[in-house]
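Following: one structure in structure tokens, then a few remarks.
Please treat every number below as a calculation from the coordinates, not as lab data. All of these numbers come straight from a predicted model, not from anything done at the bench. Cβ sites come from the backbone with ideal geometry, for glycine too, and all protein chains shown count toward neighbours.
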Amino acid sequence: MNTPIDNSYIGITTPHFREASDFYVRHFGYSRIADTEGFVSVMASNKKRCLGFSAPEDVLSPTPMSGIHLVFLVNDVTTVLAQFQHGGVPISRGIAIGSWGAKHFVVTDPAGVELYVSERAQQSEPLRETGPFSASAQDDRSA
């Protein structure tokens, strides 16, 4: 089973998600590329690294959490979930839509790291999202 991954990034869950993202903007030259009520995404100046910061209440977890998780962006999360289930991958949390609009599910790797398999958010309002991880950048690549 090979799952086509468009991009991936490191997610950090913390009640101080705004302050943490501001730290990377101020001290490491990252730029803010998405900003919603409970989620901020920043990108390195070389456009090769992205970090996503979430409020604990925005992460679909049975208990509030903090820490690091990985996010893998795919075109069709429902199809990938079916492939994982067929391949015997244990699903930690089924498909849900986060407050930022992204449809995703969660698996946990053997080291205990949560892996969010996610589609890009489909917003009725723009997310103020730019950069190589944005939907518009993906549309440009597929043209």
Spin-label model distance (nm) - D109 vs K48, 7 Å beyond Cα toward Cβ: 1.9 nm
Phi to ³J(HN,Hα) by Karplus 6.51 cos²θ - 1.76 cosθ + 1.60 over segment 8-13, Hz, x for Gly, Pro: 8, 8, 8, x, 10, 9
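Mind ranking 16-26, 34-44 by how tightly packed they are, going by the mean number of other C-beta atoms within 10 angstrom, highest first? Before the final figure, lay out each step's value.
Values: 16-26: 15.5, 34-44: 20.4.
By packing density, highest mean first, the sequence is 34-44, 16-26.
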